[in-house]
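Accompanying notes for the structure given below.
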Protein chains: 4
Amino acid sequence: MKATAEVQVIPIGVGVSVRDQVRRAHAVLLEAGLNAQLHANGTNLEGELEDVFAAIRRVHETLHAEGAPRLATFIKIGTRTDKEPSLAGKLF
Amino acid sequence: MKATAEVQVIPIGVGVSVRDQVRRAHAVLLEAGLNAQLHANGTNLEGELEDVFAAIRRVHETLHAEGAPRLATFIKIGTRTDKEPSLAGKLF
Amino acid sequence: MKATAEVQVIPIGVGVSVRDQVRRAHAVLLEAGLNAQLHANGTNLEGELEDVFAAIRRVHETLHAEGAPRLATFIKIGTRTDKEPSLAGKLF
Amino acid sequence: MKATAEVQVIPIGVGVSVRDQVRRAHAVLLEAGLNAQLHANGTNLEGELEDVFAAIRRVHETLHAEGAPRLATFIKIGTRTDKEPSLAGKLF
């Protein structure tokens, strides 16, 4: 099932700057081969729902392995059967 | 990796009442064997992250199969390595 | 305009435990006189939209004044004109 | 208090296409004089927290007045005291 998504990962317990972890999270999402568009409040994604979820799981595994003790992630998922879901189709 | 989560599914294009779809979504989450606690703005979950994501995918598959043309889902995921994550541990 | 809401405040830069700040945030929401129901992923609220937003602003002011350097807050707002919105009405 | 924000309004009960309402919501946010950047999963905002909340309230008032019976809105708010919050500062 194809989906559009938004992912924002907030590392907790790494200090007030979370730039390094946000950069790593975005890199892991890009490596997943998804259409990934960074913006100020997350990364927009387009791809198979299964791949989106797998990529988010890898973000959690990666950031924890690299030292972040706690992660709070906020995800938006959009699916539809009347037409092919796409990020471009959500802009007007 | 164990996680806490919140899932809220919003069906679009089924009319102003979404009660039937919300009830179905909650039932699918319960069938997944996750600790699932319904509240007014979603269902809180506790379980393996892989199982949480699989259950949410089944919610989308089920609601689309039963006629909802479009779904917008909002998910919160919490993981941590310093202690076992649990819903009970997030209350004070 | 009456609204239902969910508010979750995540303090960044206070360490891996955020319990003190979450407790304070909930207390400030209660002091606002709103119907406030704590759950594992936030506080559900019911009241005038203006009062909900004012209460959330006070949460930010209070937590910053008490030392939290950075706050990320996630809010859900529900309004409707076909019937009176209520937290109870969102359960089935 | 200066804030960064993201706002996504989902109209319920207007049919499967929500393009007209999303366009109106974005227009109302622009009229508020906030730095407003549209993306596929919402509009990013930068401005005084009070102005952000006032603009979102106007979105609800406008869309209801123009016929949407039900709205579900998802908001992210970021504030910080260690430096001036800005949308540009959240990109790397």
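Bear in mind that the values in this text are calculations on the coordinates, not laboratory data. Bear in mind the structure is a predicted one, so any value in this text is a computation, not a measurement. Glycine also receives a Cβ, built like all others from the backbone with ideal geometry; neighbour counts cover every protein chain displayed.
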Checklist entry - Roughly what angle does helix B:49-65 make with the longest principal axis of chain B, taking Cα atoms, 0 to 90 degrees, to the nearest 10? => result 10 degrees
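Go ahead and estimate [θ] at 222 nm for chain D from helices alone: -39,500 (n - 2.57) per DSSP H run with n ≥ 4, summed, over the residue count, rounded to 500. All intermediate terms of the calculation are to be shown ahead of the outcome.
Numbers: 2 runs with 30 residues, N = 92.
Helix-only estimate at 222 nm: -10500 deg cm²/dmol.
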Checklist entry - Using Cα atoms only, what is the angle between the long axis of helix B:19-31 and the major principal axis of chain B, expressed in degrees (0 to 90) to the nearest 10? => result 40 degrees
Checklist outcome for this item: A correct Stokes-Einstein calculation for chain B, using the alpha-carbon Kirkwood radius, 37 °C and 0.692 mPa s, returns a whole-number D in µm² s⁻¹ of 243 µm²/s
Item to check | 5 angstrom amide H check on residue C:39, placed H, neighbours 5+ away | outcome: C:44
Checklist entry - By a straight-distance test (C-alpha under 19 Å), which aspartates and glutamates pair with residue A:2 as possible cross-link partners, with residues fewer than eight away in the same chain excluded? => result A:31, A:46, A:48, A:50, A:51, A:82, A:84, B:50, B:61, B:66
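Under a point-charge model restricted to the Cβ atoms of Lys and Arg (+1) and Asp and Glu (-1), what is the dipole moment magnitude of the protein assembly as shown relative to its Cα centre, in debye to the nearest 20?
Details: 44 positive and 44 negative charges, 0 e Å.
That gives the protein assembly as shown a dipole magnitude of about 0 debye.
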Next on the checklist: What does the C-alpha gyration tensor say about the overall shape of the protein assembly as shown? Classify as rounded when a/c is under 1.5, otherwise prolate if a/b is larger than b/c, or oblate.
Outcome noted: rounded
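Sorted by mean Cβ packing within 10 Å, highest first, what order do the peptides A:33-45, C:23-35 take? If you can, show how the numbers build up before the last one.
Details: A:33-45: 20.7, C:23-35: 17.5.
Ranked by mean Cβ neighbours within 10 Å, highest first: A:33-45, C:23-35.
Multiply the residue gap between residue D:92 and residue D:2 by 0.36 nm, knock off their C-alpha separation, and tell me the result in nm, one decimal place. It would help to have the intermediate numbers written out before the result.
Working: separation 90, 0.36 × 90 = 32.40 nm, distance 2.03 nm.
The residue D:92-residue D:2 span can extend by a further 30.4 nm.
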Checklist outcome for this item: For chain B, averaging the sequence separation of alpha carbon pairs under 8 Å that lie six or more residues apart and dividing by its residue count, the contact order in percent is 47 percent
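Using R₀ = 22 Å, calculate the FRET efficiency as 1/(1 + (r/R₀)^6) where r is the Cβ-Cβ separation of residue D:84 and residue C:16; round to 0.05. Intermediate results must be reported in sequence, preceding the final value.
Numbers: r = 26 Å, r/R0 = 1.20.
My answer for the efficiency is 0.25.
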Checklist outcome for this item: Simple SL model, points at 7 angstrom along Cα→Cβ for residue A:23 and residue B:30; separation in nm is 4.8 nm
Next on the checklist: Over segment C:31-77, what portion of Cα pair distances is larger than 14 Å, expressed as a whole percent?
Outcome noted: 54 percent
